[in-house]
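K.L.:
Here it is, the structure in full.
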Amino acid sequence: MARKRTAKATITLIGAGNLAQALGPALKAAGYTIDIVAARETASSRRRAAMLAARLRARTQSLEDAGPDADVIWICHTDDALAETARKLARKRGWKGKTVFHSSGALTSDVLSPLRRAGAQTASLHPMMTFVPGTTPRMSDVPFAVEGAPQAVLVARRIVRDLGAEVFPIKKSAKPLYHALGSFSSPLIVATLVTAERVGRGAGLNASQTRRLMGPILRQTLENYQERGAAAAFSGPIKRGDLNTVRRHLRELKRVPGASEVYRALVKSALMDLPSTKRKELMSLLQKS
């Protein structure tokens, strides 16, 4: 006798920002029904919600009207807005048996405590990925960190599995550092690269020329790191112990706003864990220059 297939949960998305714009279509492609896209009452939020809802064949709704209509309510708001969003939603009735996620990497499921007290099963479900306008990461490549009530975690695991992605447990106490890891993995890399663009301008290059120049070495470095680890991917004057070259760098980078401070911080970090033939001499040079 054939086993009866379990119907997939219906999902309400709260928020229509970059994450929701990527998540909604991926969930739909995985067979989930997005019934509502709820957003704040600003013109830009309403416009994004309407565009996303049209793609998903869903209804739009204001945040004030949003409630426990679907099986799963997935809040895709900024960290600072989560507590207030949870309080607003908890004023509605009917949360018993519902599952509520938020997707903050830094905050735990505790921020959803008003909804938990109202009867919902709550969890944080965070995708470790960068979401920016104009790009759509493949959700099957995205690792998701989950923590929260056991029943909500089970639902989260099922959804992530249907997305073809990986899910792993995270301790509440580990979330701030876990999220800082994400910052080091993307936005702070971009911050380093924009510093490199300033250095490029100092060398007479415009931003486009600098990006073209850096592209091949960046791609090869990331490939080396992914395949061989940090130590094997590390190269250049710090590893070789070229004191005079580092000294010239330190002298000339003073002409580029902010670059000397970034360079010094990164060299100090490198000397903590990465191979260098003249570690003590380089550290002394940083202190003197």
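The values are calculated or read from the model by the stated rules, or taken from the named source; none is laboratory data. Since the model is a prediction, treat every value here as computed from it, not as a measurement. Note that each Cβ is placed from the backbone with ideal geometry, even for glycine, and that neighbours are counted across all protein chains shown.
K.L.:
Mind listing just one residue for me: the one in the stretch 245-256 that is loosely packed, with under 14 Cβ neighbours inside 10 Å and either over 33 Å from the mean Cα position of the chain (by Cα) or of a type in the set (Gly, Ala, Ser) (or both) and, of those, farthest from residue 199 (Cα to Cα)?
P.N.:
The selected residue is 245.
K.L.:
Any chance you could count how many residues in the stretch 132-149 are outside any strand (DSSP E or B) and either buried (at least 19 other Cβ atoms within 10 Å of the Cβ) or in contact with a Lys or Arg (Cβ under 8 Å, 6 or more places away or on another chain) (or both)?
P.N.:
Applying the first criterion (outside any strand (DSSP E or B)) to the stretch 132-149 yields 132-142, 149.
Filter once more, so that each one left must be either buried (at least 19 other Cβ atoms within 10 Å of the Cβ) or in contact with a Lys or Arg (Cβ under 8 Å, 6 or more places away or on another chain) (or both): 139, 142, 149.
Number of matching residues: 3.
K.L.:
Can you find a residue that is surrounded by fewer than 21 Cβ atoms within 10 Å (Cβ to Cβ) and on the phi > 0 side of the Ramachandran plot anywhere in the stretch 19-31?
P.N.:
yes
K.L.:
Check the stretch 101-108 and report whether any residue there is closer than 18 Å to residue 80 by Cα and of a type in the set (A, V, I, L, M). Give the steps one after another, and end with the answer.
P.N.:
Of all residues in the stretch 101-108, those closer than 18 Å to residue 80 by Cα come to 101-108.
Right, trim to of a type in the set (A, V, I, L, M) and you get 106-107.
Yes, there is a match, as at least one residue in the stretch 101-108 is closer than 18 Å to residue 80 by Cα and of a type in the set (A, V, I, L, M).
K.L.:
Go through the stretch 245-273 residue by residue and tally those that are outside any helix (DSSP H, G or I) and within 19 Å of residue 188 (Cα to Cα). Let's see the steps before the verdict.
P.N.:
Initial filter on the stretch 245-273 (outside any helix (DSSP H, G or I)): 254-258.
With the extra rule that they be within 19 Å of residue 188 (Cα to Cα), the set shrinks to 256-258.
Matching residues across the stretch 245-273 total 3.
K.L.:
Among the listed residues 100, 111, identify the single one that is among the β-branched types (Val, Ile, Thr), more than 12 Å from residue 146 (Cβ to Cβ) and surrounded by fewer than 24 Cβ atoms within 10 Å (Cβ to Cβ). It would help to see each step written out before you state the result.
P.N.:
On the way: 100 fails: surrounded by fewer than 24 Cβ atoms within 10 Å (Cβ to Cβ).
Answer to the selection: 111.
K.L.:
Take the conditions among the aliphatic types (A, V, I, L, M), more than 18 Å from residue 173 (Cα to Cα) and at pLDDT below 95 and apply them to residue 129. Does it pass? Please lay out each step first, then the result.
P.N.:
Details: among the aliphatic types (A, V, I, L, M): yes; more than 18 Å from residue 173 (Cα to Cα): yes; at pLDDT below 95: no.
When the stated conditions are applied, residue 129 does not pass them.
K.L.:
Continuing with the same structure: Does the stretch 276-285 contain any residue that is under 30 Å from the mean Cα position of the chain (by Cα), at pLDDT 95 or above and either in a helix (DSSP H, G or I) or of a type in the set (Phe, Trp, Tyr) (or both)?
P.N.:
First pass over the stretch 276-285, keeping only residues under 30 Å from the mean Cα position of the chain (by Cα): none.
Among the residues of the stretch 276-285, not one is under 30 Å from the mean Cα position of the chain (by Cα), at pLDDT 95 or above and either in a helix (DSSP H, G or I) or of a type in the set (Phe, Trp, Tyr) (or both), which makes the answer no.
K.L.:
Test residue 199 against the stated conditions and say whether it is of a type in the set (A, V, I, L, M, F, W, C) and touching a residue at least 60 places away in the same chain (Cβ under 8 Å). Can you show your working first?
P.N.:
Working: of a type in the set (A, V, I, L, M, F, W, C): yes; touching a residue at least 60 places away in the same chain (Cβ under 8 Å): yes.
Answer is yes for this residue.
K.L.:
Please report, ordered by residue number, the helices (runs of 4 or more DSSP H) entirely within the stretch 176-244 with at least 2 residues that are among the acidic types (Asp, Glu) and loosely packed, with under 15 Cβ neighbours inside 10 Å. If you could, list the steps in order and put the result at the bottom.
P.N.:
Working: elements: 187-202, 207-228, 230-233, 237-240.
Correct list: 207-228.
K.L.:
Quick test of your reading of the structure: residue 86 fulfils all but one of (1) among the small types (Gly, Ala, Ser); (2) modelled with pLDDT of 95 or more; (3) within 24 Å of residue 137 (Cα to Cα); (4) crowded, with 22+ Cβ neighbours inside 10 Å. Name the failing condition by number.
P.N.:
So the condition that residue 86 fails would be (3).
K.L.:
Which residue, of 239, 268, 278, 254, is in contact with a Pro (Cβ under 8 Å, 6 or more places away or on another chain) and in the same structural domain as residue 194 (by TED's automatic domain parsing)? Full working, then the answer.
P.N.:
Values: 268 fails: in contact with a Pro (Cβ under 8 Å, 6 or more places away or on another chain); 278 fails: in contact with a Pro (Cβ under 8 Å, 6 or more places away or on another chain); 254 fails: in contact with a Pro (Cβ under 8 Å, 6 or more places away or on another chain).
Going through 239, 268, 278, 254 in turn, just one is in contact with a Pro (Cβ under 8 Å, 6 or more places away or on another chain) and in the same structural domain as residue 194 (by TED's automatic domain parsing): 239.
K.L.:
In addition: What about residue 230, is it of a type in the set (A, V, I, L, M) and either touching a residue at least 40 places away in the same chain (Cβ under 8 Å) or touching a Pro at 6+ places or on another chain (Cβ under 9 Å) (or both)? Step through it out loud before you land on a result.
P.N.:
Working: of a type in the set (A, V, I, L, M): yes; either touching a residue at least 40 places away in the same chain (Cβ under 8 Å) or touching a Pro at 6+ places or on another chain (Cβ under 9 Å) (or both): yes.
Judged against the criteria, residue 230 is a match.
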